[in-house]
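Below is one structure, written out as structure tokens; the observations come after it.
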Amino acid sequence: MIRKTRLYTPGPTPLLPAAQFAMAAADIHHRTAEFRALYTRVLAQLKDFVGTRNDVIILASSGTGAMEASVSNLTSPGDRVLVLSAGKFGERWTGITKAFGCEVDVVSAPYGSTFSQDAVKAALKLETRVVFVQATESSTGVRHDVQAIGQLLKDQKSEALLVVDAITGIGTTPLDMDAWGIDVLIGGSQKALMIPPGLSYLAVSQRAWDRMEGTYNPRYYFDLRKERKNAAKGESAYTPSVALIAAMGAALEYIAGQADGNLVEGRKKLVDNAETCAAMTRAAATAMGLKLFAPKGFEAAAATAILPPEGVDSGLIVKGLRSKFAIIVTDGQGEMKGSLFRIAHIGYFDYLDTIAVIGALEQVAVALKLPLLNLAFGTGLIAAQKVFAERTK
């Protein structure tokens, strides 16, 4: 059999062909009318894609750069902040906020779970300036209740800003930045937008812009006010990644094209697609006798985290998929390495991609003689087929 590499990782995700063509043709200087027209259009489209009336800023960085920018622009040394952490990327918020001299309170939940609203309420202080959280924790496949956190801040009449890392959340889970009281919503190019890594973007509320006028943590390249001023003229403050911005424009056009040119509806279809692929995968894994890591009702659609049978290193399954089918899935991160594997559904995945990885997982399970309750070809596929039929009838 020939081997065709297939990415099933929660970033980078498979590339959209139209975006690849756009990158190849992006021979544009960034201080020209041609680029200004492209940049202005992409910024406007991003507002629809994120689902906000607020300004959106693009940075030539990975998503971690946008996370750092939100900390450096919204805090001063000594500010008290609250980090909600239940995985590897929640821990990243803690590291960044401490690096910028913040006094950090942390609400932690074990990997594979989420935090209670009572715990968040108890940790919230009068002097808390910012709350940092993930929309979905891709290291564990868990979705956090961002809407409830926003409502809690409103109910407590807190002046704390709400900053949400939605790098794997945008395009896989419903998010309403304006209605839920989110002040900064962060995304990344290599996720639902189906283009290579290298761009991050932030939607920023007016409350957050106002806060920046009174903060004094150091910032230069990541000065969001500088980017906003230049974006109003159709330019970036510094040399942008022209090819990636062209690719982003092509990706946004593709998403809109899934709903007759309506980008808002196209985003909803993208979310529904991820939810369907995730539901198929969860049903297949459960039917095969595997257990899911995320608690029921809080499973993320960006990626499904699956536990191997007891006593089996998940790395065997990851390596088996790679060696037999050139399928790339991800092992657990941090303390969960060897304890789970993750199959992604974010971006350019569809029904056939999902059927393929489930079929491959069955082959690997049989080849490895995994101690499963239902180690028979077709068990997972039948369960996935039923879910798809039910969700799309």
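Points worth noting:
- Restricting the stretch 295-317 to residues that are surrounded by 23 or more Cβ atoms within 10 Å (Cβ to Cβ) and assigned to a loop (DSSP other than H, G, I, E, B), the residue that is farthest from the chain's Cα centre (by Cα): 308
- Only listed residue being touching a strand residue (DSSP E or B) at 6+ places or on another chain (Cβ under 9 Å) and either at pLDDT 95 or above or surrounded by 22 or more Cβ atoms within 10 Å (Cβ to Cβ) (or both), chosen from 16, 43: 43
- Only a single item in (1) closer than 18 Å to residue 302 by Cβ; (2) part of a loop (DSSP other than H, G, I, E, B) is not met by residue 201, and it is number (2).
- Selection within the stretch 64-107: residues that are in a strand (DSSP E or B) and within 18 Å of the chain's Cα centre (by Cα). The member of this set that is surrounded by the fewest Cβ atoms within 10 Å (Cβ to Cβ) is 85.
- Matching residues in the stretch 15-59 - criterion: being among the basic types (Lys, Arg) and touching a Gly at 6+ places or on another chain (Cβ under 9 Å): 36, 41
- Tabulated pairs, the stretch 310-337, first closer than 25 Å to residue 4 by Cα and in the same structural domain as residue 112 (by TED's automatic domain parsing), second surrounded by 20 or more Cβ atoms within 10 Å (Cβ to Cβ) and among the aromatic types (Phe, Trp, Tyr), C-beta under 9 angstrom, 6+ apart or interchain: none
- Meets criteria (small (Gly, Ala, Ser), modelled with pLDDT of 95 or more, in contact with a Lys or Arg (Cβ under 8 Å, 6 or more places away or on another chain) and outside the structural domain of residue 267 (by TED's automatic domain parsing)) for residue 203: yes
- If you check 134, 147, 190 for being closer than 30 Å to residue 279 by Cβ and surrounded by fewer than 24 Cβ atoms within 10 Å (Cβ to Cβ), only one passes: 147.
- Being buried (at least 22 other Cβ atoms within 10 Å of the Cβ) and either under 29 Å from residue 116 (Cβ atoms) or of a type outside the set (Asp, Glu) (or both) holds for only one residue in 370, 375, 361, and it is 361.
- Evaluated against (1) under 22 Å from residue 162 (Cβ atoms); (2) touching a strand residue (DSSP E or B) at 6+ places or on another chain (Cβ under 7 Å), residue 217 falls short on exactly one condition, (2).
The values are calculated or read from the model by the stated rules, or taken from the named source; none is laboratory data. In this text the structure is predicted, and so the values were computed from the model without any measurement. All Cβ positions, even for glycine, are placed from backbone atoms using ideal geometry, and neighbour counts span all protein chains on display.
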